[in-house]
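Below: the structure, in structure tokens.
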Amino acid sequence: MQRTLLLLPFLALATLGAQAQTVTDATRAGAALDSLMQAANGVRQQALTTSHRVETQAPWTGKRKQLAYGYAAGASGNSIWQKKAVLRRNGVLMEKFTALQNGKAVLRERRVNGTIQYLWVRTAPGKSSGSAASTSEALYLRNGYLHWNGRQYLLPTLSLAAFTR
């Protein structure tokens, strides 16, 4: 039992060594974050502008949980975006936004009081600065970790405050 407990840290270090090196340069990480935010805003704007019908599920204005769905003109019952906003009793506003293309998620975003906590984007081929042969996925987490075009970045804490609304 004790031998396996002693081997766990070494196994964890071995798996970390096999992964790509994390980029900690502030300018490169900031540029990657800017590219990710531009890609996410592009996907969001495309979903919002192509929706011709919006349905909400909030029967009265005082309801704490509000749902909104956007539908395309030719869509048969499947939404192209969904937004869920929950106002907690302590005044915290939690929002989730999901954009869909062909029934699959291409954008997932979570905000708490307007600050982005989680952002995941799948960009189409040719839209990203990476390889044009395949789609690329990007992920941003609130503690400053960013995965963009196959590289991992660690953001400085000062640049995170600029991306609140």
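The values are calculated or read from the model by the stated rules, or taken from the named source; none is laboratory data. What you see is a predicted model, and the numbers here were worked out from it, not measured in a lab. Note: accessible area is taken over every heavy atom of the protein model, side chains too, but ligands, DNA and RNA are not part of it. Shrake-Rupley method; radii C 1.70, N 1.55, O 1.52, S 1.80 Å.
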Report task. With a 1.4 Å probe and all protein chains in place, put M37, M94 in order of accessible area, largest first. Result -> M94, M37
**Report entry** For S136, solvent-accessible area (1.4 Å; no DNA, RNA or ligand), Å²
**Finding:** 20 Å²
Query raised in the report: When only the heavy atoms of the protein chains count and the probe is 1.4 Å, how do K104, K83, K96 rank by accessible area, highest first?
Result: K104, K96, K83
Query raised in the report: Using a 1.4 Å probe, what is the accessible area per residue for the stretch 57-117, in Å²?
Result: 62 Å²
Requested in this report: Compute, for L141, the solvent-accessible surface of its heavy atoms (probe 1.4 Å) with the complete set of protein chains present, and express it in square angstrom to the nearest 10.
Outcome: 60 Å²
Query - Additional length obtainable on full extension of the chain from R64 to E137, 0.36 nm per residue less Cα span - result: 23.0 nm
